[in-house]
1. Do we have Ser600 as within 15 Å of Pro529 (Cβ to Cβ), part of a strand (DSSP E or B) and of a type in the set (S, T, N, Q) here?
2. Please find, among Glu74, Glu105, the residue that is open to solvent by 30 Å² or more (accessible area, probe 1.4 Å) and more than 28 Å from Glu142 (Cβ to Cβ).
3. Considering only residues that are among the hydroxyl-bearing types (Ser, Thr, Tyr) and exposed (fewer than 13 other Cβ atoms within 10 Å of the Cβ), which ones fall in region 490-528?
4. Is it true that Ile555 is under 24 Å from Lys640 (Cα atoms) and assigned to a helix (DSSP H, G or I)?
5. Might you let me know whether region 249-258 holds any residue that is in contact with a Pro (Cβ under 9 Å, 6 or more places away or on another chain), open to solvent by less than 20 Å² (accessible area, probe 1.4 Å) and under 25 Å from Asp472 (Cβ atoms)?
6. Does region 589-606 contain any residue that is farther than 27 Å from Pro655 by Cα and touching a residue at least 24 places away in the same chain (Cβ under 8 Å)?
7. Taking region 323-370, which residues are farther than 20 Å from Ala231 by Cβ and open to solvent by less than 10 Å² (accessible area, probe 1.4 Å)?
Amino acid sequence: MTREEALRRIHRAAEEKLTELDLSGLELEELPPEIGKCTQLETLVLGKVEKWEWVDDKPIPKLITNQLRKLPEELRSLLNLRSIHLSGNPFGKMPELLLKIKQLESLNLVSIGLTEIPEVIGQLSNLTRLYLSNNQITSIPEVIGQLSNLTRLVLSNNQIEKIPECLETLPKLEKLDLRGNPLPISPEVLGPVNLSEDPGTPTAIFNYLRKLRSGEVRPLNEAKVLLVGQASVGKTSLINRLINNKYNPNEPQTDGLNITNWQITVNTKNVKLNVWDFGGQEIYHATHQFFLTKRSLYLLVCNCRTSEDENRLEYWLKLIESFGDASPVIIIGNKCDEQPLDLNRKALRDKYPNIKAILETSCQSGTGIDELRSAIHTEISQLKEVYDLLPLSWFQVKQSLETLNKDFINMSEYASICGKQNIWEETDKTQLLELLHNLGIVLNFREHPILQSTNILNPHWVTEGIYALLSDEHLKVKTKGILTYAELSRILDSNKYPRHRYNCLTELMGEFQLCFPVRDCAAPTFLIPGILPKEEPENTKLEGETLEFQYHYDILPDSIVSRFIVLMHDKIHDKIHWRTGVMLAYCEGAEACNIARIKSDPKDRKIFIAVSGRESTRRSFLTIIRDTFSKIHNSFANLKFGQWVPVPGYPDADPLDYEELLGHEGEGLNKYFVGKKLKLWLDLRQLLDGYDAIELRRMRQRGDRDFDCEDGYPGINIHVHQKNVDRRSATTHQHGRGDNFGGDRIQGDKIMGNADETPQR
């Protein structure tokens, strides 16, 4: 791409009087002065973000940009210009020419090397949107308060340490993003760590700041430490050695989850560690994800006597990556007195940069315990959130809840406790409750229609009840996962779990996608897929032609299939389900038009889907199934997987990468060549029509996205690859399946691209 390409686009924009022009990615060192001929231009894109990659807990943009260091005077003649995007160009400072374009309403300076916001920016009085993410800005000047029309101010991922009061004077400000800055403010106030979600509202942020300014504050000085790993690796023994310097050779296995408090001193400050010890048995893995949190320290414990594969290190590291984000990890090879830890340490640390140390210990002899304790102190000292400031009144509410000898309180009781500390605003109570939930001090589900206003729960009450059910052998062997109130009475302590609280516990399990209600039962009855028998039933064979599909995973979380069964339980066919699979039916009235078989192979890390029955609705049913898997996949922050389609008529041939096929179609190709062995040309249109409607594919070709990421952060749009649909099934869909939109394809130059629009991390 060269200056000539830029001139071609500029001339076309001028001739056709276009209002939008994208010149990003042309390697321009100067913007041609001919730009002044585009008199109708309203939006000019000279740089944008293609995608974001996460490095050391920071989103780093991959840019489609240029090498511009200045702008031509001719831009001043574009009297209609309202929006300009300069992301990634090495300006180093805000171009002075912009100050002469008084009508500017939207200015995007993401990742241009800014170290300061110039005072003169106050002259751009028409600005409504200002995007300054991913720079090195250290302070916000008072002059920002002069931008009275500003509705969006995005300053995420900078080096700002203080928020000036001038921001509170902006009368129209609707969005303020300050995440990713070294501010001593709880992340719950600034907004979700997941940057695809909206930041905290300006009202909430300003309210919190006024609290800090007007009264006493206190650092949180609290952190969460999570021990994970396979069963029988010695996690509980390790905790006892670390905290109490004791060792019990007959330590029983942890059933579910134990939580222990550990007081340590870090940099002369007393810090309380909430140590969560997770049982390693497979049955518990599906539930762990609901308690694996960000901004925590993870201790991944393995057994020196067993192999890396047996310890499932990659599995646990992927889970931590998905739910703990970039939280630090210490890998601990326990029982080193029996055998040294045999790991490719460099390869692991290269692949997972959040691994901070790999240590060896023996709980029996005490070897390596002091070194581990020192490493924990070091990592806790570097967790910024440990030292976030809280209003003293918030801290006092937190202490009241911790000392309250109750397993649950209702919202009015919580409000009363807040009121005793003069916390009356709903915003304050909500922010504090979210903070306490994330710390694991309480559990509250404000989004749940039943649980939102009912209770604030003691996590111990929840976890002990759920894990007791999951551990019960009678439920697993005799009732085959069927849970009734009679079983709840048998398993649970009636004093701690009275009958009128059963509904709360089963609702929570439903919220966690651990169980679902069984229809047509006289009494409340539930099924827990995670404890179903492992053996696949005999009656899972499908008749006739099938449409088949596969997901392939780097790491296949144990919970995916059981959560899928819960989400799709209303379509279960003839009560056919097992721990790793289910049969579904698509019905119209009383008629089962299509039957689907979904099953996983945990060892090969694959999920197989096959749909039989009426040809005209097979694709629609597959789409419903795929959409449900997408919802589950999107709940993992960094799940890597692929989707594949078959070679029609060749069931033994290697499958085809679905995203690659879409890419070929997007480039205007009509044929696809398969393999060295088959030497077969496929009709792309026929093949792809079997899996996605052509209008959806055309949206992809046009570059349409699910989320507008003008702010410079990605939306939650995981792009995946597709693999393996049984070759016979593809044949079924490739011939005369409706969706008759003709054989034309998208052609022509695309002048305008969506600025800073990116797929999710």
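The values are calculated or read from the model by the stated rules, or taken from the named source; none is laboratory data. This structure is a prediction, so every number in the text was calculated from the model and none was measured. Note that each Cβ is placed from the backbone with ideal geometry, even for glycine, and that neighbours are counted across all protein chains shown. All accessible areas refer to the heavy atoms of the entire protein, side chains included, with ligands and DNA or RNA removed. Shrake-Rupley method; radii C 1.70, N 1.55, O 1.52, S 1.80 Å.
1. So Ser600 fits the description; yes.
2. Working: Glu105 fails: more than 28 Å from Glu142 (Cβ to Cβ).
Result: Glu74 is the single residue among Glu74, Glu105 that is open to solvent by 30 Å² or more (accessible area, probe 1.4 Å) and more than 28 Å from Glu142 (Cβ to Cβ).
3. Ser494
4. no
5. Within region 249-258, one or more residues are in contact with a Pro (Cβ under 9 Å, 6 or more places away or on another chain), open to solvent by less than 20 Å² (accessible area, probe 1.4 Å) and under 25 Å from Asp472 (Cβ atoms).
6. Yes; the residues of region 589-606 include at least one that is farther than 27 Å from Pro655 by Cα and touching a residue at least 24 places away in the same chain (Cβ under 8 Å).
7. Gly324, Ser327, Leu348, Tyr352, Ile355, Ile369
Rundown of residues vs (1) in contact with a helix residue (DSSP H, G or I) (Cβ under 9 Å, 6 or more places away or on another chain); (2) charged (D, E, K, R); (3) outside any loop (DSSP other than H, G, I, E, B); (4) more than 30 Å from Ala326 (Cα to Cα), yes/no style:
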| position | (1), (2), (3), (4) |
| --- | --- |
| Arg619 | yes, yes, yes, yes |
| Ile625 | yes, no, yes, yes |
| Asn638 | yes, no, no, no |
| Trp644 | yes, no, yes, no |
